[in-house]
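Undergrad: Pasting a structure below so you can have a look.
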Amino acid sequence: MFAPLAYTVESAGIVINRMGRNVHVPYDDVAEVQRISRGDVGFGIRLWASGGFFGFYGSFWSRRLGRFQAYATDTRHLVLIRHVDGRKLLLSPYPEDVFVEFVQNRLAQNAS
C-alpha cells in the first residue's frame, strides 16, 4: 500500500504514485533537488518505516542526512529533495539525472 510504484512530474508538483493514497509535493515546498549516492545517505535507521523487497518507505534517520522521509525502490538511483521548511525527501526515479533536470527547470519557471 505504501511502497512507491512510480513518480510523476506534473505542472503543480511531484507525485509519488502508490497503491494507497498518492503523495503530492508542490513545487512551492521544494527548496532544492539533487542527485545523491548511497554513500551520501550513510547507514540509516528506520524510525517508522519499512525496508526490503518492495522498497524503502517511511521515516528514517542517518548521521549524514538527519531525519528524512523515503519513497525509494532502488538505492542506486537516489534523488534528495529538500523542502523549504528543512524536511528531506529521498526518492529513486530512473533516470535520476532527467528527473532532477526536469524538476529544476520547473522550479526555475515557478520562480520567474
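We did not get these values from a lab; they are worked out from the coordinates using the rules stated. Keep in mind it's a predicted model, so treat the numbers as computed, not measured. When we count neighbours, we look across all protein chains shown, and the Cβ atoms used for this are built from the backbone with ideal geometry, even at glycine.
Undergrad: Starting from 0.36 nm per residue, how many nanometres of slack lie between Arg87 and Gln109 once their C-alpha separation is accounted for?
TA: 5.7 nm
Undergrad: Sticking with this structure for a sec: How big is the antiparallel share of DSSP beta bridges in the chain, given as a percent to the nearest 5?
TA: 90
Undergrad: 222 nm [θ] for the chain, helices only, -39500 (n - 2.57) per DSSP H run of 4+, per residue, to 500?
TA: Dividing the helical sum by the residues of the chain leaves -5000 deg cm²/dmol.
Undergrad: Need the full-extension length gain, Arg67 to Asn22, defined as separation in residues times 0.36 nm minus the C-alpha distance. One decimal, nm.
TA: That pair, Arg67 and Asn22, stretches by 14.1 nm at full extension.
Undergrad: Each label point is 7 Å from the Cα along the Cα-to-Cβ direction; what then is the distance between the points at Ala31 and Val15, in nm?
TA: 2.8
Undergrad: If you put +1 on each Lys and Arg Cβ and -1 on each Asp and Glu Cβ, how big is the dipole of the chain around its Cα centre, in Debye rounded to 20?
TA: 500
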